[in-house]
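The values are calculated or read from the model by the stated rules, or taken from the named source; none is laboratory data. The structure displayed is predicted, hence computed values, not measured ones. Don't worry about glycine lacking a Cβ; one is built from the backbone with ideal geometry, like all the others, and counts go over all protein chains shown.
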Amino acid sequence: MANASPNYRQAASRGAYAAGMQQVVRISLQILSAVVLSRLLRPEDFGVYAMVTPVATFVGLFQDMGLQQAVIQRKDITPDLINRLYWLNFTATCVIAAVLVAISPAVAWFYHDERVMPLTAALAVTIILGGIVFQHHAVMQRNLQFHKLAMIDMCCAVASFITAVVTAYIWHSYWSFWLSGVASVGIFGLLASRVSGWRPGKPTLRGDTGGLLKFGAHLTGANVVNYFARNLDNVLIGHAWGPVQLGFYDRAYKLLLFPIYGVYGPLMGIMMPVLSRLQNEPERMRNAYYRFVGLVTLIAMPGIALAFAAPKEVITLLLGARWLPTAEIFAWLGAVALFQPMTMTLGTLLMAKGQSKTILWMTAVLSCTAVASFAIGLHDGGVGVARAYTIEEYLCRLPLQLWVVTRGGHVRLRDLMIRWLPLMASAGLTILAAEGLRMLGLTGVPLLILLGLESYLCAVMLLSLTKAGRGTIKDVWGMINEGLIMMRLRPAHPAVTG
């Protein structure tokens with residue numbers, strides 16, 4: 001990043017390129033998986049798995065205890081401390097896996113569906129496998145081994161896709177989702193343990209944790225609270241409306257997450273360690289953050305605008321005509337997704353500065369408003385929940401997150417708006433373009449191709465009107481050139497220790 005030391009800049013540049021290649025593979029496989037599995041499985045199968053996912057996610061929040069991010073954020077850390085945290089994580093993992101098995105009958109009773117019990121208990125396997133790999137992942141991120149992480153992730157994505165498609169073709173069952181998850185986590189554990197350069201030592205749970213447990217407790221608290229804002233909609237819809245309605249809602253929600261988390265996830269893995277190393281240099285940290293948020297929004301928002309402007313065409317192309325009931329849900333959630341590429345990075349900035357307590361109280365407030373919106377919209381099914389959630393996000397989440405981050409002097413509101421508003425204006429033009437193309441008689445794939453080109457070209461043109469926008473375009477172009485150079489030269493990348 002600009003103004004960062006040469007090692008950080010080279011690692012971040014290589015990491016951004018590796019993340020880009022990783023997401024080309026991952027998003028392509030996710031979309032292909034959605035296309036294939038939506039034709040091999042029924043909406044009910046997606047609904048059954050969506051019923052148990054929130055339960056496994058909730059108990060899994062206590063598995064990491066926030067210590068993975070604590071290891072990355074800590075400026076100096078010893079091998080003994082990392083080893084102690086590993087065994088704390090592993091102990092928590094075993095307890096949580098046992099809890100998941102124990103509560104599986106209650107989960108089946110809640111949903112009035114006996115299929116849920118064995119599936120809930122089986123998710124304990126992925127919990128245990130995940131606990132084994134947490135610390136390897138954290139160490140690789142801390143040492144800026146982004147290229148290796150990207151390669152491992154691509155292997156996991158391929159293994160997960162092949163497992164899901166093959167098992168769905170053979171059994172036509174929701175169990176294909178579970179098997180693909182086991183394959184993904186298992187492959188990650190096998191590869192990461194071999195290339196991370198770190199091995200756990202003698203088991204130990206006692207000793208000073210250097211304040212990392214407190215930091216992790218705040219993050220865990222925030223994650224637990226945030227869980228309700230991200231998963232209670234599935235729980236309520238599944239309980240009140242059953243697996244079919246939940247299957248429609250779940251498909252719409254996850255289809256929109258492809259462009260968002262597909263970009264944000266890997267870049268967050270780069271942002272967190274790089275910004276953490278600059279936490280004592282506010283101006284350099286701010287400049288690095290602006291460049292990160294520019295990359296995330298430029299890459300993700302035009303794609304989201306395309307999905308928002310043509311929901312029926314996207315659903316029909318990717319999932320098939322029988323999934324058209326998801327189109328209205330997809331459109332409402334698309335309105336929320338237009339600002340999430342920017343606001344999701346704000347939490348990473350606070351985390352890198354060690355302000356886990358601020359994250360906790362802010363998440364608590366926003367989760368309460370989100371849960372209230374779910375309750376208000378539930379009477380109208382998935383569409384009602386999506387509509388109420390969208391209104392809440394614009395009235396509550398967006399203003400509060402911007403106020404918290406700008407009030408603390410982390411970033412300036414004007415600088416964020418310069419990078420975000422041109423892309424929102426571009427999204428508006430994409431919606432108008434979609435209507436114009438339909439009036440000309442274009443539908444289906446031709447409409448989506450022309451609209452996709454318009455969306456990204458318009459975004460680039462509007463961003464080029466400002467100095468900050470031109471810097472973002474230059475960063476994306478530089479990342480592409482960096483990738484081409486890497487493909488020819490493949491220079492060694494410096495690990496950061498300590």
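Descriptive notes on the structure:
- For Asn280: the one exception among (1) assigned to a helix (DSSP H, G or I); (2) surrounded by fewer than 22 Cβ atoms within 10 Å (Cβ to Cβ); (3) at pLDDT 75 or above: (1)
- Among the candidates Phe161, Phe146, Phe177, Phe90, the residue that is under 23 Å from the mean Cα position of the chain (by Cα), of a type in the set (Phe, Trp, Tyr) and more than 26 Å from Ile270 (Cβ to Cβ) is uniquely Phe177.
- A Cβ distance below 6 Å, combined with a sequence gap of six or more or placement on separate chains, defines the contacts here; from segment 170-187, residues that are buried (at least 20 other Cβ atoms within 10 Å of the Cβ) and of a type in the set (Val, Ile, Thr) reach no residue that is at pLDDT 90 or above and part of a loop (DSSP other than H, G, I, E, B).
- Subset of segment 88-104 [touching a residue at least 40 places away in the same chain (Cβ under 8 Å), surrounded by fewer than 19 Cβ atoms within 10 Å (Cβ to Cβ) and farther than 16 Å from Val133 by Cα]: Val99, Ile103
- Residue ID - surrounded by the fewest Cβ atoms within 10 Å (Cβ to Cβ), chosen from residues in segment 105-125 that are more than 21 Å from Leu179 (Cα to Cα) and either touching a residue at least 60 places away in the same chain (Cβ under 8 Å) or aliphatic (A, V, I, L, M) (or both): Ala106
- Of all the listed residues (Ala388, Ala370, Ala364), the sole one being within 27 Å of Glu313 (Cβ to Cβ) and in a helix (DSSP H, G or I) is Ala388.
- Taken over segment 318-335, residues that are of a type in the set (Gly, Ala, Ser) and over 21 Å from the mean Cα position of the chain (by Cα) amount to 3.
- Answer residue from segment 401-415, given it is of a type in the set (A, V, I, L, M) and under 21 Å from the mean Cα position of the chain (by Cα) and is nearest to Arg284 (Cα to Cα) among those: Val405
- If you go through segment 396-416 and pick out every residue that is surrounded by 14 or more Cβ atoms within 10 Å (Cβ to Cβ) and in a helix (DSSP H, G or I), you end up with 11.
- All conditions but one from (1) touching a residue at least 24 places away in the same chain (Cβ under 8 Å); (2) in a helix (DSSP H, G or I) apply to Gly354; the one that does not is (2).
- Ala4 vs. criteria of a type in the set (A, V, I, L, M, F, W, C) and either in a helix (DSSP H, G or I) or at pLDDT 70 or above (or both): no
- For Thr316, the test of being hydroxyl-bearing (Ser, Thr, Tyr), at pLDDT 80 or above and closer than 27 Å to Leu432 by Cα is passed.
- Verdict on Val314 being in contact with a Cys (Cβ under 9 Å, 6 or more places away or on another chain) and either hydroxyl-bearing (Ser, Thr, Tyr) or touching a residue at least 12 places away in the same chain (Cβ under 8 Å) (or both): no
- Single unsatisfied condition, Asp76 versus (1) outside any helix (DSSP H, G or I); (2) modelled with pLDDT of 85 or more: (2)
- Single residue of segment 338-356 satisfying the filter (touching a Lys or Arg at 6+ places or on another chain (Cβ under 9 Å) and either closer than 14 Å to Asn223 by Cβ or of a type in the set (Ser, Thr, Tyr) (or both)) that is surrounded by the most Cβ atoms within 10 Å (Cβ to Cβ): Ser356
- Single residue of Thr326, Thr369 found to be in contact with a Phe, Trp or Tyr (Cβ under 6 Å, 6 or more places away or on another chain) and either crowded, with 16+ Cβ neighbours inside 10 Å or not hydroxyl-bearing (Ser, Thr, Tyr) (or both): Thr326
- Options Pro266, Pro302: the member that is modelled with pLDDT under 80, farther than 23 Å from Trp403 by Cα, assigned to a helix (DSSP H, G or I) and under 19 Å from the mean Cα position of the chain (by Cα): Pro266
- Of all the residues in segment 434-465, those that are under 19 Å from Leu317 (Cα atoms), touching a residue at least 40 places away in the same chain (Cβ under 8 Å) and part of a helix (DSSP H, G or I) number 8.
- Ile315 assigned to a helix (DSSP H, G or I), surrounded by 24 or more Cβ atoms within 10 Å (Cβ to Cβ) and either of a type in the set (D, E, K, R) or over 18 Å from the mean Cα position of the chain (by Cα) (or both): yes
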